[in-house]
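What follows is one structure encoded as structure tokens, with my remarks underneath.
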Amino acid sequence: MEPDLSGNEKTYLIDAIDSGWISSKGKYVDQFEKEFAAFHEVDYALAVSNGTVALHLGLVSLGIGKGDEVIVPNLTFASSVNAIIHAGATPVLAEVDAETYNIDCNKLDQYISSKTKAIMPVHLYGNPCDMDEICTIANKHGLLIIEDNAEGLGSTYKKKIAGSFGDVSTFSFYGNKTITTGEGGAILFKNQKTFEYAKVLRDHGMSPDRRYWHEHIGFNYRLTNMQAAIGCAQLEHIQDILQKKSSIVKRYVDGLAPIGSIKFQKTEAGSLSSNWLFTPLFKNVSTNDLSQYLHKHGVETRPAFYPISTMPVYSDFKKGGYDVSESVSKSGLSLPSFPTLKNSEVDLIIAAIKKFYD
Ligand SMILES: Cc1ncc(COP(=O)(O)O)c(C=O)c1O
């Protein structure tokens, strides 16, 4: 994990410190929110402390809570599911597709009940979900969409940018994400009222017109001006970061495809992935052995996410029928794809994998 901080990050950060505005007031928070909204061609953006509270605040601001069910893929970072539980709602774990690793739209109907309030698609590893299908199903059943776009910043689906589909869409700026603010997150909103409500909730539920008068039982989910300063600088070179990641993944695919036993995550025609993590499926080998072998050669890897249904703490929420999630998880391994990775390093990793298969 090595973020690309080669732009104005230091300059803006020092400027924020010099201004004295080091907490959550200051020009960079507003600037970051405006630029982030403009990047997604939406009207309303809120910067928050991380991607998990972005999900939580998004859910709460939509009025989702006790007694409601939210459909979420079984293969995701646990934060998606935790946020639903912390909002007081019940996650319903949905099976994923073997090719895209995303929520399987053909099976979505089976998870819908009279309690279902929303669908939370996750663009896993940056690969956009089938948003036409998800929007159609959501419209048909009157469901809200919370787009967990922590991993898909900069991805596009049919030329429309990921994060512009959901009633709320959420992002993470943790150090390993496409752009980073150290820790950080953001929410995009379709509806002005929901945005305004979330803005108040973000700041302890305090009335914007009457200091220390609390209209709601809120949270402190603010991002600091220092973090936002880094975010503004990151946004200036986001296209370059996306481009570098895309060429790293292309180089991997060209180099690894001849091995034959490696399957790549499928991006639907018309979609572009942010390539957050490059996670092929390594068939006929143990990913544990491969990971250890690469580690010995100085290459750090990450296992694919465990299906949520396999972890005992989530046993109350599983429905069964998760063969695909389990098989993707078992054979998936994420290889380094951070934007500062050199071509020569990618080539060494490819060569090491070839040797392992030999
Ligand atoms: C799909 C998904 N949702 C939510 C999050 C939570 O983001 P954060 O770590 O900023 O809380 C992550 C972070 O990795 C993620 O991958």
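The values are calculated or read from the model by the stated rules, or taken from the named source; none is laboratory data. Note that this is a predicted model, so its numbers are computed, not measured. Note that each Cβ is placed from the backbone with ideal geometry, even for glycine, and that neighbours are counted across all protein chains shown. Accessible surface is based on the protein model in full, side chains and every heavy atom, while ligands, DNA and RNA are left aside. Shrake-Rupley method; radii C 1.70, N 1.55, O 1.52, S 1.80 Å.
Failed condition for residue 260, given (1) in contact with a His (Cβ under 8 Å, 6 or more places away or on another chain); (2) modelled with pLDDT under 95, with all others met?
(1)
If I ask for residues that are within 26 Å of residue 2 (Cβ to Cβ) and in a loop (DSSP other than H, G, I, E, B), which ones from region 316-337 would you list?
336, 337
Before we move on, is residue 116 over 21 Å from the mean Cα position of the chain (by Cα) and open to solvent by less than 20 Å² (accessible area, probe 1.4 Å)?
Spelling it out, residue 116 is indeed over 21 Å from the mean Cα position of the chain (by Cα) and open to solvent by less than 20 Å² (accessible area, probe 1.4 Å).
Could you tell me which numbered condition residue 98 fails, if it satisfies all but one of (1) surrounded by 22 or more Cβ atoms within 10 Å (Cβ to Cβ); (2) farther than 17 Å from residue 59 by Cβ?
It is condition (1) that residue 98 fails.
Could you please give the count of residues in region 313-337 that are at negative phi, in contact with a Lys or Arg (Cβ under 9 Å, 6 or more places away or on another chain) and surrounded by fewer than 16 Cβ atoms within 10 Å (Cβ to Cβ)?
Of the residues in region 313-337, 0 are at negative phi, in contact with a Lys or Arg (Cβ under 9 Å, 6 or more places away or on another chain) and surrounded by fewer than 16 Cβ atoms within 10 Å (Cβ to Cβ).
Take residue 46 and tell me if it is open to solvent by less than 20 Å² (accessible area, probe 1.4 Å) and more than 12 Å from the ligand (Cβ to nearest atom).
So residue 46 passes the test.
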